[in-house]
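Just dropping this structure here.
Please treat every number below as a calculation from the coordinates, not as lab data. All of these numbers come straight from a predicted model, not from anything done at the bench. Here the Cβ positions follow ideal geometry from the backbone for every residue, glycine too, while neighbour counts run over all protein chains shown.
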Amino acid sequence: METEAPRARVRVSLHTGELEVEGSESFIAKYAEALNALISRVQKDTPIATDVTKGSDASRLQTGGPSQQSTVGDFPEALHGMSSTSGTDQILVAGSFARVAHADGTFATTEANALLLEQGIKLANPSQSMTNNLKAKRVFKSGKNWKISRTGEEYLRTLA
């Protein structure tokens, strides 16, 4: 008589910062160290880092929408660690930090531009940079403000 192997599953969502492990206690215990190492590596390698907290969707920076909690003090580090220096990319990163001031996760061009100005970066045309992000489907309009799309979230991760 054959016995069916126990079912086990691991699901990781980089977009939402979720980790789901399903299986027996022995399976989870067997791979716990490897899963923790994976989480640490993903957090370290991802420019917009995510805090994974058991039972919580709280995140340290911008990943994950309006529930994010950001510290603007992290903005200069994120900005100056970017691989790109285009105004379009800079204002997208600034917007990802500016959006924490709004419960709906949106931001205005003027708010993002003000963050850049505080760092001594003056864009020739911030509105055009936002239009470029709109054309690339990295942002979309939400009322009078902008919201970062999934494509934009994924793109932000590549800028480190």
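Give me the net charge for the shell around Leu123: Cβ to Cβ below 14 angstrom, other residues only, Lys and Arg +1, Asp and Glu -1.
-2
Can you give the FRET efficiency to the nearest 0.05 for Leu35 and Asp74, using r as the Cβ-Cβ distance and R₀ = 30 Å?
Efficiency for this residue pair is about 0.70.
OK, next. Tell me the net charge near His102. Cut-off is 15 Å between Cβ atoms, His102 excluded, with +1 for each Lys or Arg and -1 for each Asp or Glu.
Details: positive: Arg99, Lys141, Lys144, Lys147; negative: Asp104, Glu111.
Its environment carries a net charge of +2.
Once you keep just the Cα pairs under 8 angstrom separated by 6 or more residues, what percentage relative contact order results for region 72-158? Show your work: numbers first, answer last.
Numbers: 95 pairs, mean separation 22.8, N = 87.
Relative contact order for region 72-158 comes out at 26 percent.
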